[in-house]
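Colleague: Handing you a structure now.
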Amino acid sequence: MEVKSKSMLAKLLATEDISVEHQNVPTAMFDLKNRKIILPRWKEMSVNLYDLFVGHEISHGLETPAEGWHDAVCDSGQGFKSFLNVIEDCRIEKKVKARYPGLVKSMALGYRELMEMDFFGLKGRDMDTLPLIDKINLKFKCGAMLGINFSEEELPFITATENVDTWEDTVKVANELYEYSKTEQAMQDALEPQADEFGEDWDEDTDFESSDDYGDGEESDQDGDQSEEETQEAGSESKDEDEKSSESEEESESTDAKQGGDDIMEGTPDPESMTDKAFRNAEESLVEMNDKDIMTVNFPKLKSNTFVMQSSEVWNWTPEYRKGTYWGNEIQTNNVEVENKLFNDFQTRNKSAINLLVQQFEMRRKATSLKKARENKTGMLNDKKLWAYKLTDDLFLSTTTTPDGQNHGMFMFVDMSGSMYQEMTNVVEQLLIQVSFCKKVGIPFDVYGFGNAGYYEDFTRKMLQDAQSKQSGDIYIDDENFRLLQLISSELSAPMYAKAFKGLLGWATTYINRNNRLDKEEKIWQERYNQPRHMSLSSTPLATAMLVGRDIANEFKQRNRLEVLNTIILTDGYNTDNIVVVEDCMELENTDYAQVTFRHRAPREVSEVYIKEGAISTKHVISGLYGTGNYGRGIGYQDYFLALLKHYQATTGSRMISFNIVPAKSSAVRDSYFAAISKYDYEGFQTKYKTFRSERFMEVPNAVGYDTMFMIMGGKGLEVDTEEMEVKSNSKGDLKRGFMKFAKGRSASRVFLNRFIDKVA
């Protein structure tokens, strides 16, 4: 069952921004202050039952004052409270059905299900003999299907219940029914077999309370009983005085209410709706109580651009390059010369391979379109087939309709963490191969690096607070150094695009290691890039990237009118970003910022996390496999990221693709594989690992939060094939085989692009 859709139902019913939360509670309730329905975690729940409970509770929220709720304390006692429940339920359900006729059927079917489950405790009972309040409860909830009969004396109460319109009417009718039920109870007691001298149930040893109904001869016993009761009441009052010092005011009021209800009629039980009580008790049987909590947090309102550096700012400096040995003796070199050399080298290595992949992509796209092509009859005779009218009925002209392909876009997050150091050179090359391809085939793209290495002196605490909401329960970005860095985009001007492209090539030289394109003869490093602080490597704030990137991705999708947004996350590890949740926000005197306090960074025992945003609520189930960065706090950092990842997908409609770079070591691949699928599957891993060893990558089935995940071997698995074509001879066969091997090698080594083509062709 989709909480998203049901939350929308509640919002529509209430004609305001009301949300639905599932928590560890025994029954449904309405939070008047925060305007939200709190529902239990039900074991099994049909759509009709869900609609019944949501419709019922939302109608309470719209119509019932606070004192009318199930847990309200009434001066008349618990028995009277059940009468209020019944009549008020009749009133609010009548109103909600009138306002939203579509609920009538759902609620009727829902109550039918409850009857089949004996929710009202009627098994083996004759409904015509039930007290009036219970017959009213059943009639107005379940309708005419039960065939309940009412006496002429009872019919006026039916009419009064039907005409109840306001809360005051509810109280009035409930009082009248309550008084009638006390008489009804007394009459029923009088009709039951009594232990008198004429009854066969007589027992000389029977001890019973006396009352005025038993006659004048028993006054002395009555007096004795009263004296005893007075003694008990005195003791009770003394006990109440002692308890008042330790109990809350609410508890004392509850105690007084119960005492008041017991004294309504001496010797007569307090009337109570049996069916209402049975219903409340049966509700609890549907609830799946868990020893772990459900965590619900709010997606904040963000000024996302505050946390974004555009390409014009990212590349707004003149880089310096240096050349020399690993240990020093560095000399500065001309940046223009170096950048042109790096660009020409890139083109030499990749141009032909990119063109080949473009051709393959176009062929696959056309083949897919033709496969989906439809032939339709026009209704016009084909005069060229008239001669065959005795042989076939196919005498009409036809047209072939080829559907247009969907407009794809690529939105990419690139991990700028310190652990990417050894891989960054190859990653940048693979990235630029991919954007070059997208540029050629007309796929819009936007690429962002994420990290928190920069220190921004001009970024104040007030600016951090002003960029995000600070309501209780909101996720809060408590990191003034986090930024999304726009590395390159198809929307850049031609000069800015060239600057970003060459800037990335230069930046990649910073991370050349000893085994990567080293000048073997001179034993020196190639040109290396002097980078600004914001381009340094840091941690892996994936969760914050999802928070900030969501709005940026939606804006990119709207600007380019994309039908399919492909979001790619390129990383070599897990989220290291802990999430903080606002507990309270208090304005401070003599300051231009507020004091924000945070509740739990991570509750200890949590089974589910919900990310709420308006009517949308996305769910993430805690697997317990993520321990990275947890430090014994319950929810691991990765769980926060996955919850936000699912919310990102739900609110952007994006196809989620992950390129996860992992070491070749078997244990590292295994741990990453289990974490990705949120379970231990040794047999499945062994099968996939064989592919990983031979192909240097593998696709992970059913990765949590992703439509597709690829695990790619770091190091050699990311290297781009630059070898020339080799042939054994000039024969036609050897040339063909050599060329095919060469083309396959060049194509296969562009791993990001190859896997991307598989998904968009």
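The values are calculated or read from the model by the stated rules, or taken from the named source; none is laboratory data. Remember, predicted model here, so these are calculated numbers, not experimental data. Backbone-built Cβ (ideal geometry, glycine too); neighbour counts: all protein chains shown.
Colleague: Could you tell me which numbered condition E218 fails, if it satisfies all but one of (1) modelled with pLDDT under 60; (2) exposed (fewer than 13 other Cβ atoms within 10 Å of the Cβ)?
Modeller: Failing condition for E218: (2).
Colleague: Let me ask another. Could you please give the count of residues in the stretch 636-665 that are under 17 Å from the mean Cα position of the chain (by Cα) and surrounded by fewer than 22 Cβ atoms within 10 Å (Cβ to Cβ)?
Modeller: The total comes to 8.
Colleague: Residues in the stretch 131-186 that are among the aromatic types (F, W, Y), over 22 Å from K97 (Cα atoms) and assigned to a helix (DSSP H, G or I): how many?
Modeller: 2
Colleague: Right, next: For the stretch 83-108, give me each residue that is within 12 Å of L62 (Cβ to Cβ), crowded, with 20+ Cβ neighbours inside 10 Å and of a type in the set (D, E, K, R).
Modeller: R91, E93
Colleague: How many residues does the stretch 686-703 contain that are of a type outside the set (S, T, N, Q), under 19 Å from Y574 (Cβ atoms) and either modelled with pLDDT of 90 or more or loosely packed, with under 13 Cβ neighbours inside 10 Å (or both)?
Modeller: Matching residues across the stretch 686-703 total 2.
Colleague: Shifting gears a bit: Has the stretch 58-72 got any residue that is assigned to a helix (DSSP H, G or I), of a type in the set (A, V, I, L, M) and modelled with pLDDT of 85 or more? Steps first, answer last, please.
Modeller: Keep residues of the stretch 58-72 that are assigned to a helix (DSSP H, G or I), which gives 58-63, 66-68.
Then keep just the ones that are of a type in the set (A, V, I, L, M); that gives 58, 62, 66.
Subsequent filtering for residues that are modelled with pLDDT of 85 or more retains none.
Within the stretch 58-72, none of the residues are assigned to a helix (DSSP H, G or I), of a type in the set (A, V, I, L, M) and modelled with pLDDT of 85 or more.
Colleague: Just to be sure I understand the filter: pairs with C-beta atoms under 7 Å, separated by 6 or more residues or on different chains, first member in the stretch 674-687 and over 15 Å from V662 (Cα atoms), second member modelled with pLDDT of 90 or more and of a type in the set (G, A, S). Which pairs pass?
Modeller: Between residues of the stretch 674-687 that are over 15 Å from V662 (Cα atoms) and residues that are modelled with pLDDT of 90 or more and of a type in the set (G, A, S), the close pairs are I677/A703.
Colleague: Yes or no: K385 surrounded by 10 or more Cβ atoms within 10 Å (Cβ to Cβ), in contact with a Pro (Cβ under 6 Å, 6 or more places away or on another chain) and modelled with pLDDT under 80?
Modeller: No: the conditions fail for K385.
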